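Shown next, in structure tokens, is the structure this report addresses.
The values are calculated or read from the model by the stated rules, or taken from the named source; none is laboratory data. None of the values given here were measured: they were computed from a predicted structure. Cβ placement follows ideal geometry from the backbone for every residue including glycine, while neighbour counts extend to all protein chains displayed.
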Amino acid sequence: MYETRVTPEALFTCRQCGDCCRGFGGTYVSESDIEVIARYVKASPERFLARYCQPSGSRWVLGQGANGYCVFWRDGLCAIHPVKPRMCREWPFIRSVARHPENWFSMAASCPGMRTEFSPQQIAQCVERILAASGDHGGG
Ligand code: SF4
Ligand code: SF4
């Protein structure tokens with residue numbers, strides 16, 4: 001059955017609520033994220049990891065402040081916005097949704113900007129197009 005294409009704007013509009021910046025363990029940082037963010041905060045990668053991150057399995061995630069938000073969530077804004085981790089930049093058009101579009105619906109339960117009245121196929125195709133346009137052809 002033919003289904004119409006959906007645009008990214010139809011699928012998602014950020015409400016600036018900050019909910020995605022709250023809670024521990026969600027925000028993985030890749031090696032290149034670590035390098036770029038460490039430079040931005042004027043720290044060595046080792047110092048950056050020790051001060052702002054915590055291990056999660058074999059990887060690193062951004063730590064959480066006493067208020068329950070990401071350590072870089074300050075006064076309602078992301079303090080490292082220009083260099084925030086790839087996961088934050090791409091959200092919610094992330095690779096795992098292209099692979100498993102049902103993830104979109106569980107993510108939407110905690111992100112009021114995500115619309116859910118489209119089919120998994122429409123969502124997956126839209127995310128694929130965005131990732132392909134950004135040069136992300138897999139991995140990650
Ligand atoms: S939870 Fe969703 S709507 Fe709220 S700030 Fe994050 S991306 Fe935007
Ligand atoms: S890095 Fe910025 S956008 Fe990402 S979770 Fe932390 S405060 Fe939010």
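Details
- Candidates are the residues of segment 38-79 that are closer than 14 Å to Gly18 by Cβ and among the charged types (D, E, K, R); the one that is surrounded by the most Cβ atoms within 10 Å (Cβ to Cβ) is Arg74.
- Scan of segment 6-21 for residues that are basic (Lys, Arg) and either under 12 Å from the mean Cα position of the chain (by Cα) or modelled with pLDDT of 95 or more (or both), ordered by number: none
- When segment 2-41 is limited to residues that are more than 16 Å from ligand 2 (Cβ to nearest atom) and hydrophobic (A, V, I, L, M, F, W, C), the one that is farthest from Tyr52 (Cα to Cα) turns out to be Val6.
- Conditions (1) closer than 15 Å to Arg86 by Cβ; (2) away from ligand 2 (no atom under 13 Å from the Cβ): number failed by Glu46: (1)
- Conditions (1) surrounded by 18 or more Cβ atoms within 10 Å (Cβ to Cβ); (2) more than 15 Å from the chain's Cα centre (by Cα); (3) within 17 Å of Leu77 (Cα to Cα); number of the one not met by Thr27: (2)
- Restricting attention to segment 61-113, the residues that are in a loop (DSSP other than H, G, I, E, B), within 14 Å of ligand 1 (Cβ to nearest atom), on the phi < 0 side of the Ramachandran plot and not β-branched (Val, Ile, Thr) total 11.
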